[in-house]
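Below is one structure, written out as structure tokens, with a few remarks after it.
Derivation of every value follows stated rules applied to the coordinates shown; laboratory data play no part. Nothing here was measured: the structure is a model prediction, and the numbers come from that model. Note that we place each Cβ from the backbone using ideal geometry, even for glycine, and neighbour counts take in every protein chain shown.
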Amino acid sequence: MIVDCGSQIGKYPCVSMDPLIDGGIIDDNYARGIPTTDSTQVKILTCPVNGPRPIQEFHFGGEVRDMPAPHDASDDQWAEYVFNRHGEPAVRREWWYHTPSGTWLIAERNNCTDEVLRTYLFDAEAEHG
Amino acid sequence: MPLRLLKFAFSDKYPEQRMFRAPDRLKPEYDVVIIGGGGHGLAAAYYLAKDHGITNVAVLEKGYVGGGGTGRNTAIVRSNYLTPEGARFYQTSIDLFRDLSRELKLNLFYSERGHFTLAHSPASLNTQRWRAEVNQHLGIDSKLVGPEFVKRMVPEIDLTCGGHQPPIHGALYHPPGAIARHDAVAWGYARGADRRGVEIHQRTGVTGIDVRDGAVEGVHTDQGFIKTRRVLSAVAGWTTQVTEMVGLRTPLVIHPLQALVTEPLKPWLNSIVVSASLHLYVSQSSRGELVAGASLDPYELISMRSTLDFAEGMSGHMMDLFPFLGDVKVLRQWAGLCDMTPDFSPIMGTTPVRGFYIDAGWGTWGFKATPVSGLTMAHTVAHDHDHELITAFNLSRFQSFDLVGEKGAASVGH
């Protein structure tokens with residue numbers, strides 16, 4: 001059930017993108033390739049049907065995008081839909097697939113810290129209604 | 001011991017000139033600002049100064065020179081690509097690499113090892129045969145070889161993969177495949193650019209770009225504002241953050257790619273060995289470490305964290321090919337950011353924003369293109385017109401549905 005999926009979506013000040021310098025001091029961890037943020041790594045993803053499951057059971061399906069009406073869309077609109085993505089740091093809505101149960105779901109995830117804010121099933125009525 | 005080393009023992013100060021200066025402040029205005037002090041940005045600065053006489057250039061680097069993709073790749077150079085555009089482009093890069101140590105007066109340890117792409121099934125062998133035929137048609141030195149040849153060139157390999165994986169039926173062999181010392185490539189270009197007047201500003205992050213009436217007017221940095229009409233973005237895995245500053249839409253998405261090195265061993269592996277089925281490429285560096293990389297992490301993430309999953313999987317697959325490595329320890333592992341395009345070709349050249357040039361979409365194939373991307377982007381910036389080698393790679397192809405599907409871009413995992 002989608003209640004207010006828009007509230008946390010959007011730009012995120014991405015800590016892990018500025019890992020090197022903090023007050024002019026070179027971060028030793030960065031030089032050694034160790035993550036500098038104490039972020040919540042996704043190792044467990046919560047499937048709305050099956051509950052918390054290991055990340056290895058899931059397949060990433062890319063960001064949720066609205067398809068323009070194929071017959072009405074201009075070439076530019078169609079190209080924009082087919083090719084362009086939001087690759088910048090953000091909390092985004094993404095498709096994920098729980099392979100063992102064949103469940104497609106939506107996750108709101110921070111693409112810098114790997115933190116998942118919520119997961120839920122797609123609800124066509126709430127999306128387009 | 002060379003006598004010149006004595007200088008270091010007896011002098012109070014470091015007796016040699018530094019590779020490049022560290023200017024203490026930005027000038028208020030530059031002819032060209034290059035964002036990103038990696039191999040690509042520094043090479044572009046070098047060729048701008050050398051080939052086009054444009055020396056009032058600032059290279060802005062948020063971290064340190066060569067600390068992004070340049071220092072995180074597995075240092076492999078090859079040109080066995082499958083599109084005419086790609087093959088021509090990467091072959092030019094190899095031609096430049098071969099002469100680069102002399103040109104930059106710095107030993108890049110450029111070492112042609114021969115590059116094997118193993119086939120673990122008859123179907124895969126057919127694919128490698130097709131790749132060899134296409135390569136030869138495009139004038140690339142590449143051929144299909146049988147398992148005996150692989151065994152002769154890499155005697156330590158277990159062609160049966162210990163029974164844990166399908167056995168090796170043959171390989172695509174690319175003799176010019178090489179490795180190089182990737183840091184030195186960045187340093188050499190940095191020194192060459194610096195000597196010609198280019199300023200390299202490390203620890204200088206870009207926070208915004210001023211665009212008025214569709215044209216670049218200046219760059220905001222954490223060290224102050226710079227007036228400029230030409231900006232080159234050469235930041236690979238950070239590109240989506242720069243394009244957002246000028247309001248450009250791109251297809252780029254960012255995935256981490258992980259790699260590792262083992263403890264140093266005596267030289268035994270002369271070739272570069274790639275197995276698409278095992279998601280593995282491995283070579284031995286001049287320091288004796290085995291350098292190995294994998295395919296992309298399976299989902300988008302703008303983070304250079306590494307995972308145990310990777311180290312475990314990679315080690316297992318290395319042992320399938322080279323069982324005796326069981327006792328060899330992993331020395332370190334790391335990740336780099338890959339800005340992936342849907343057709344596995346780069347995004348290069350002019351953009352709809354006047355004075356904003358892009359060198360991006362370097363995904364997993366950027367290091368080998370360092371010299372040619374610098375050369376062609378310098379030309380593009382100097383003439384405000386795409387160099388002929390990169391016209392097919394313009395961002396506009398994603399509007400005109402004119403993609404350059406490059407199936408040869410990555411050795412593994414597409």
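Side notes on the structure shown:
- Between the helical axis of B:39-52 and the longest alpha-carbon principal axis of chain B there is an angle of about 50 degrees.
- Within the shell of other residues whose beta carbon sits under 15 angstrom from the beta carbon of residue B:177, the net charge comes to +3, with Lys and Arg scored +1 and Asp and Glu -1.
- Relative to its Kirkwood radius, the Cα radius of gyration of region B:184-340 gives an Rg/Rh of 1.08.
- Look at B:183, B:297 and count the other Cβ atoms within 10 Å of each Cβ; fewest to most, that gives B:183, B:297.
- Principal axis analysis of the Cα atoms in the protein assembly as shown yields extents of 78, 64, 48 Å, listed in decreasing size.
- Stokes-Einstein D (µm²/s) once Rh is taken as the Kirkwood radius of region B:42-181 over alpha-carbon pairs, at 25 °C in 0.890 mPa s: 140 µm²/s
- Here the 3J(HN,Hα) profile of region B:221-231, calculated from phi with Karplus coefficients 6.51, -1.76 and 1.60 at θ = phi - 60°, is 10, 6, 10, x, 8, 10, 8, 6, 9, 10, 10 Hz, Gly and Pro shown as x.
- Nearest 10 degrees, 0 to 90: helix B:370-383 Cα axis against chain B principal axis: 30 degrees
- Counting only lysines at least 8 places from residue B:329 when in the same chain, those with an alpha carbon closer than 25 Å to its own are B:151, B:266.
- Counting charges near residue A:99 (Lys, Arg +1; Asp, Glu -1) among other residues having Cβ under 15 Å from its Cβ returns a value of 0.
- Karplus (6.51, -1.76, 1.60) ³J(HN,Hα), θ = phi - 60°, over region B:118-132, in Hz, Gly and Pro reported as x: 6, 10, 9, 7, x, 5, 5, 4, 4, 4, 5, 5, 4, 4, 4
- Within the same chain, lysines fewer than 8 places from residue B:105 are excluded, and of the rest, those with a Cα less than 18 Å from its Cα are B:50.
- Residues B:109, B:356, sorted so that the one with the fewest Cβ neighbours within 10 Å comes first: B:109, B:356
- Computed over all pairs of different Cα atoms, the Kirkwood value for the hydrodynamic radius of chain B is 22.0 Å.
- Taking the fewest neighbouring Cβ atoms within 10 Å as the starting point, the ordered list for A:98, B:174 is A:98, B:174.
- Between region B:179-200 and region B:118-139, the Cα center-to-center distance that results, in Å: 36 Å
- Per residue of peptide B:382-391, the mean number of Cβ atoms on other chains within 10 Å of the residue Cβ is 0.
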